[in-house]
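Quick notes on the structure that follows.
The values are calculated or read from the model by the stated rules, or taken from the named source; none is laboratory data. Keep in mind that what you see is a predicted model, and the values were worked out from it rather than measured. Here the Cβ is made from the backbone with ideal geometry for all residues, glycine too, and neighbour counts use every protein chain on show.
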Amino acid sequence: MSEIPGQDAAIDRFRLAMDASGVGMAVVDLQGRWLEVNPAFERIFGYAAHEIVGTTAAAITHPDDLEMSQAFLRGLVDGNIPALDAQKRYMHRSGDIVWAHVNVSVVRDASGAPSYLLVQLRDISAQHAAELALKARAEAEYAARFAANHQLQLFADAVAHDLRAPLRSIESFSALLADRASERLDETDRDYLARIRVAASRMSGLLSALNDLAYVTRTELKPVDVDLSLLAEWVGAELQDAEPQRRAEIRVQPSLHAWGDERLLKLMLSQLMGNAWKFSREREPIRIHVSGHRQGRTLQLEIRDEGIGFDMRYAHKLFEPFQRLHGPDQGGGHGLGLAIVRRIAERHHGSVRADSRPESGATFTLELPAEKRVEESA
């Protein structure tokens, strides 16, 4: 074996460990030359010890990792890097690439000056290949889903566009008929006409909701600090303006802030507060309460009403598209509003849940980020 600067009992113990270890181990001088390598090292790289000792580590380092390796060596020798734990590429004698997990520590003499480096190498080529294959498969699956969703969205947009024209015609001509021929129609005829107009209006609302669901799913988020109290006041004013004859008490706790996309959060509040309004039609006055509190980095937001409520046995249906717990006569709509709410919450890495009892109102609780997420700050 070669002479190693500052040789002592520690290197003797290291040599014993080297010979017995299944992990590649080596001693490297301060110029980056291999001084000693163990049998596992020979197996990993395909070189016999006598072929590798005296050559530089750079000789078997992958060209793309050479600059990085030299920077590591300089940092270890001058003390800027106390120890190294990294992954890098080497070249096998056959020309194949070997991915290795490398641990390097510096041995110093009695004065504290560096003497040589102790290196351990684990062959992680198989693990790295499996990770690459998994990543490639995930990217392929994502690309396939994106393409499928894109095609589905194009189809949905086309259907919605093509349906709107005949719907507008139905709504327009039925309105003209009701205006011009109402006196010539009997009660049954007027009832039929009213049903046509209501059905057309419901279909138009359904198409708008489908567009909203598609929009919240595919739109790019533009997160900022959002004043939810201000948005809730805005939504409350819109509800009151739409039905000024109704008495309503809409109470909004001030200074409720979340980190998110203002457009989507406004839509979310419109859906939830709109539901609270619809399902409180038989109450006088309509009461809607918006409140919340910080819990760590999360805002717990509550929208509570005193409307007709619902049976919690069917709560699992609430956030599924086209699921309705109430009929049209009770204020039930197209069954997409709460699906939109859940999608918006999920896109903000949040959640939504509901609690209610029949005739005792309902409370919807949202968990939303109260501040910028770590990933966005990186």
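A compact table of results
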read-out: Qualifying residue in the stretch 57-66 (condition: small (Gly, Ala, Ser), part of a strand (DSSP E or B) and out of contact with any His (no Cβ under 8 Å at 6 or more places or on another chain)); value: no
read-out: Selected residue (criterion: nearest to SER270 (Cα to Cα)) from residues of the stretch 193-209 that are modelled with pLDDT under 85 and of a type in the set (Lys, Arg); value: ARG202
read-out: Every residue from the stretch 177-192 that is modelled with pLDDT of 85 or more and closer than 16 Å to LEU167 by Cβ; value: none
read-out: Enumeration of residues in the stretch 39-56 that are surrounded by 17 or more Cβ atoms within 10 Å (Cβ to Cβ), among the aliphatic types (A, V, I, L, M) and in a helix (DSSP H, G or I); value: ALA40, ILE44, ILE52
read-out: Residues of the stretch 77-87 that turn out to be assigned to a helix (DSSP H, G or I) and closer than 16 Å to VAL119 by Cβ, as a count; value: 1
read-out: Residue within the stretch 280-295 that is under 18 Å from GLU371 (Cα atoms), touching a Lys or Arg at 6+ places or on another chain (Cβ under 9 Å) and either in the same structural domain as ALA370 (by TED's automatic domain parsing) or part of a helix (DSSP H, G or I) (or both) present; value: yes
read-out: Residues being buried (at least 20 other Cβ atoms within 10 Å of the Cβ) and either in a loop (DSSP other than H, G, I, E, B) or in contact with a His (Cβ under 7 Å, 6 or more places away or on another chain) (or both) - total across the stretch 16-38; value: 2
read-out: Options ARG74, ARG13; residue that is at pLDDT below 90, part of a helix (DSSP H, G or I) and closer than 28 Å to ALA113 by Cβ; value: ARG13
read-out: Restricting the stretch 299-314 to residues that are surrounded by fewer than 19 Cβ atoms within 10 Å (Cβ to Cβ) and within 25 Å of the chain's Cα centre (by Cα), the residue that is nearest to ARG281 (Cα to Cα); value: GLU302
read-out: Matching residues in the stretch 215-238 - criterion: being in contact (Cβ under 8 Å) with a residue 40 or more places away in the chain, of a type outside the set (S, T, N, Q) and crowded, with 17+ Cβ neighbours inside 10 Å; value: VAL216, PRO223, LEU228, ALA232, GLY236
read-out: Unmet criterion (only one of (1) assigned to a helix (DSSP H, G or I); (2) surrounded by 15 or more Cβ atoms within 10 Å (Cβ to Cβ)) for ARG180; value: (2)
read-out: From the options LEU121, LEU132, residue that is among the hydrophobic types (A, V, I, L, M, F, W, C) and crowded, with 16+ Cβ neighbours inside 10 Å; value: LEU121
